[in-house]
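Okay, so here's the structure we're looking at.
A short reminder: the numbers here are calculations on the coordinates, not readings from a lab. These numbers come from a predicted model, not from an experiment. No Cβ is skipped: glycine too gets one built from the backbone with ideal geometry, and neighbour counts run over all protein chains shown.
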Amino acid sequence: MHFLCFVTSFAAESLQLFQHLTPEDRDATALLLGFQPNMAGRLMTPEYLSLKEDQTVQQALDRIRRFANQVETISYLYVTDRDRRLTGTLSLRELVVTQLKTVLQQYR
């Protein structure tokens, strides 16, 4: 019986907190909570920066500068193809020490 009271109280408090979120935060929270506990999806952020594999390092750095304040992290960057499929990852460190004319596709 105590467990049921706890769950009911927790659900009510969660709903109350959820209602105070902005619409954008509600959407992000709902997305993440849709994954089961202990699953990778529950740990992911929906706010990330992706780069196109045909971009140069210079173009990638320009994009990072333009959108860095709108995403949660820029430590690791995701490289995608034209169909938005993940083709690779690279760290910001790797990016900044590479020649500006290098195409990201070379990191595959």
Which Cα, out of F67, L95, V79, lies furthest along the positive dipole direction of the range 50-107 (beta carbon charges, K/R +1, D/E -1)? F67
List, in order, the whole-Hz ³J(HN,Hα) value for each residue of the range 73-84 obtained from phi through the Karplus relation with A = 6.51, B = -1.76, C = 1.60 and θ = phi - 60°; use x for Gly and Pro. 8, 10, 5, 10, 10, 9, 9, 10, 8, 4, 8, 6
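For T22 and E94, FRET efficiency with R0 = 25 Å and r from the beta-carbon atoms, rounded to 0.05?
Efficiency for this residue pair is about 0.15.
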Using a Debye calculation, one point per C-alpha and no hydration shell, please list log10 I(q)/I(0) for the range 50-107 at q = 0.17, 0.21, 0.28 Å⁻¹ in order. -0.47, -0.73, -1.30
Sequence-distant residues sharing a close amide H with G88 (under 5 Å, placed H): V79
